[in-house]
Amino acid sequence: MAAALILMCGGAFGVVSWRDANAVASVVSLDVNPSIELQVNQKERVLSARPLNEDAQVILDGMDLKGTSLNVAVNAIVGSLLQNGYLDSLSSAILISVEDNDTQRAARLESSLTAEVDAALQNASAGAAILSQVVTYDAGLQTQAQASNISVGKAALIQQVQAINSALDFNDLAALSVEELDQLREIGAPQLPIGASAAAAAASATTISGQLK
């Protein structure tokens, strides 16, 4: 009976360990224009790395990130983004989003990943801006993100822009880069930008106007 009990306990422990190792604890997304979603377990091991649009497929081409640590995966993705010219200008931006029911773990991951990406950009002498956020689960937001082939993190940023100007269309905003969305948010989202340079020019004009006042 004792042996049987030990076997039962061992089997139960094995099932729990397997479940924990394969259960999604956190969802981390990295957005520039490529949108990439990483599902991660409690031990911060990557369960899946999913490209959410065509640009992201190029970034992840040839990578097998399943089973790697989250930090290694994020560094690999940032390296690929740099190689493909997405983070090589001062006006470019990358958005790091963490979705997790454990708010403390989410905040810790947001902080550590921001530091990791910042170090990678400094080593590459890249001046891209880093935006980061913790995202709360929202079924409606998830549906919108899936329909537009973007991450929930980028969808949350779009919601912030729409909160400023509700007349702007979600799908139109989804087509913009993180850099353009951030600049649009900064200038009060008066209208859709013609392009990144136009948004930058508008932001600059607003800043100069404010200084003159």
| query | Could you say which residue among 102, 172, 88 is exposed (fewer than 13 other Cβ atoms within 10 Å of the Cβ), touching a residue at least 40 places away in the same chain (Cβ under 8 Å) and not hydrophobic (A, V, I, L, M, F, W, C)? | reply | 102
| task | Return yes or no: is residue 38 more than 14 Å from the chain's Cα centre (by Cα), at pLDDT 95 or above and under 13 Å from residue 65 (Cα atoms)? | result | no
| Mind checking which residues of the range 199-213 are surrounded by fewer than 14 Cβ atoms within 10 Å (Cβ to Cβ) and either in a helix (DSSP H, G or I) or at pLDDT 90 or above (or both)? | 204, 205, 207, 208, 209, 210, 211, 212
| task | Check off (1) within 27 Å of residue 78 (Cα to Cα); (2) at pLDDT 90 or above; (3) open to solvent by 70 Å² or more (accessible area, probe 1.4 Å); (4) among the polar types (S, T, N, Q) for residue 177 and give me the number that stays unchecked. | result | (3)
| query | Of the residues 138, 118, which is open to solvent by 20 Å² or more (accessible area, probe 1.4 Å), charged (D, E, K, R) and closer than 16 Å to residue 170 by Cβ? | reply | 138
| Of all residues in the range 52-111, which are in a helix (DSSP H, G or I), in contact with a helix residue (DSSP H, G or I) (Cβ under 9 Å, 6 or more places away or on another chain) and hydroxyl-bearing (Ser, Thr, Tyr)? | 80
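The values are calculated or read from the model by the stated rules, or taken from the named source; none is laboratory data. Note that the structure is a prediction, hence the values are computed from the model and not measured. Because the Cβ atoms are built from the backbone with ideal geometry, glycine has one as well, and the counts that use them run over all protein chains shown. Only protein heavy atoms, including side chains, enter the accessible area calculation; ligands, DNA and RNA are left aside. Shrake-Rupley method; radii C 1.70, N 1.55, O 1.52, S 1.80 Å.
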